1. Considering only region 106-128, I want to know if a residue exists there that is assigned to a helix (DSSP H, G or I), modelled with pLDDT of 90 or more and over 24 Å from Leu24 (Cβ atoms).
2. For the structure I just gave you, tell me whether Lys70 is over 11 Å from Pro15 (Cβ atoms), of a type in the set (Lys, Arg) and modelled with pLDDT under 80.
Amino acid sequence: MKQPDFALSQGWWYPAILSTVLLLFIIFMPKKISWKEIYITFGIIGYIVWMADMTLAVPFDIFDLGNPEKEGLPELLLYGVIPSCLSVIFLNYFTNGKKWFYVVLFVVLSLLLEWLTVKVGLMKLKHWETWWSTPVHFVAYAFFLPWHLKFIRGRSQKNADL
């Protein structure tokens, strides 16, 4: 079993800087979603990404992040922070009237950020191509995240009525 030691592998600075920028953006952006919605989204998305990595990426050995023998800071940020931040920012600006604009924008942004992870040498593709992530990002932004926010708000509204 891999032991976490927060190894700083080649390109570790990329997710560190990106996470910091995205977290600061969330803190200072004008909020259209509540802190409760941010909190729930952050946790759910981080969990889903970790589970997808453990159940799909690791068993099929489709790519390596950093040192394949160790878990480190880059994995923590790339799985637990960056996707959650992007999801929160997407939901904050998402409106049904501009749905497809934001879906396309965030799919392209997510692919660009994944591509940069490869370019800085942090991600080494084995049985994967960056553009293969397009359907995953599309489903997440076009369908899952809008449903997720609606679900949270529906539950929150029902709980407020109790």
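The values are calculated or read from the model by the stated rules, or taken from the named source; none is laboratory data. Computed from a prediction, not measured in an experiment: that's the story for all the values here. A quick note on method: Cβ atoms are made from the backbone with ideal geometry, for glycine too, and the neighbour counts reach across all protein chains shown.
1. no
2. Yes.
Residues checked against (1) at pLDDT below 85; (2) surrounded by fewer than 17 Cβ atoms within 10 Å (Cβ to Cβ); (3) over 21 Å from Leu112 (Cα atoms):
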{"site": "Leu24", "(1), (2), (3)": "no, yes, no"}
{"site": "Ile33", "(1), (2), (3)": "no, no, yes"}
{"site": "Ile45", "(1), (2), (3)": "no, no, no"}
{"site": "Ala52", "(1), (2), (3)": "yes, yes, no"}
{"site": "Tyr79", "(1), (2), (3)": "yes, no, no"}
